[in-house]
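Some notes on the structure that comes next.
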Amino acid sequence: MIADMSCIFCAIAAGDIPAEVVTQSDAVVAFRDLNPVAPVHVLVIPREHHADVTTLSAVPELMAEVMRVVNEVAAQEELGDGFRVVFNTGPLGGQEVGHVHAHVIGGRQMKWPPG
Ligand code: AMP
């Protein structure tokens with residue numbers, strides 16, 4: 001599926017819903033999370049609709065582009081001292097939006113294990 005018009009992140013990728021975009025490429029968009037959990041909290045999504053990281057992984061070149069942009073965000077946001085990348089996956093993984101997204105979180109000390 002290229003786009004799901006009921007999907008909020010497809011709408012952000014299409015520019016139909018506003019978001020604070022920090023960087024983008026032909027295939028990927030990175031924008032600030034509406035409810036940040038840290039000083040830096042950016043979501044990195046493929047423009048194409050994929051439900052989660054398991055289906056995205058079936059398209060390795062797109063997965064690689066998502067990860068390239070994750071690193072671009074980290075550099076742009078000056079997260080050289082460290083950051084966290086999270087793909088919440090499925091109900092038990094805490095995924096609420098069914099369009100795969102990498103959370104890039106940083107700017108404070110991270111704790112482990114997460115809640
Ligand atoms: P997850 O629980 O991994 O599915 O995370 C979904 C994330 O999307 C949450 O951190 C929300 O705060 C964020 N979010 C939901 N709607 C928007 C939006 N319109 N713009 C930016 N972030 C959003």
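Solvent-accessible area assigned to carbon and sulfur over the chain amounts to 57 percent, based on a 1.4 Å probe.
Extending 7 Å from the Cα toward the beta-carbon at both THR55 and MET5 defines two label points whose distance is 1.8 nm.
With springs only between Cα atoms under 10 Å, which of PRO39, PRO18, PRO91 fluctuates most in a Gaussian network model of the chain? Most flexible of the set in this elastic network: PRO91. Going by a ≥ b ≥ c, the root eigenvalues of the Cα gyration tensor, does the stretch 8-106 fall in the rounded group (a/c under 1.5), the prolate group (a/b larger than b/c) or the oblate group? Verdict is rounded for the stretch 8-106. Model label points for SER25 and GLU78, set 7 angstrom from Cα along the Cα-to-Cβ axis, are 2.5 nm apart. Relative to the longest principal Cα axis of the chain, at what angle does helix 60-76 sit, 0 to 90 degrees, rounded to 10? Between helix and principal axis, roughly 40 degrees. Result for the chain in a Gaussian network model with C-alpha springs under 10 Å: among ALA64, ALA74, ALA13, the largest mean-square fluctuation is at ALA64. Across VAL22, VAL104, VAL59, mean-square fluctuation computed from a Gaussian network of the chain (C-alpha pairs under 10 Å connected) peaks at VAL59. In this simple spin-label model, placing a label point 7 Å from the Cα along the Cα-to-Cβ direction at both THR89 and ALA64 gives a separation of 2.0 nm. Note that the chain presents 57 Å² accessible area per residue, ligands and nucleic acids not counted, probe 1.4 Å.
Based on DSSP H segments of at least four residues, each scored -39500 (n - 2.57), the chain has a per-residue ellipticity at 222 nm of -7000 deg cm²/dmol.
The values are calculated or read from the model by the stated rules, or taken from the named source; none is laboratory data. What you see is a predicted model; the values in this text were computed from it and never measured. Ideal geometry is used to build each Cβ from the backbone, glycine not excepted, and the neighbour counts take in all protein chains shown. SASA here: full protein model, heavy atoms, side chains in, ligands and nucleic acids out. Shrake-Rupley method; radii C 1.70, N 1.55, O 1.52, S 1.80 Å.
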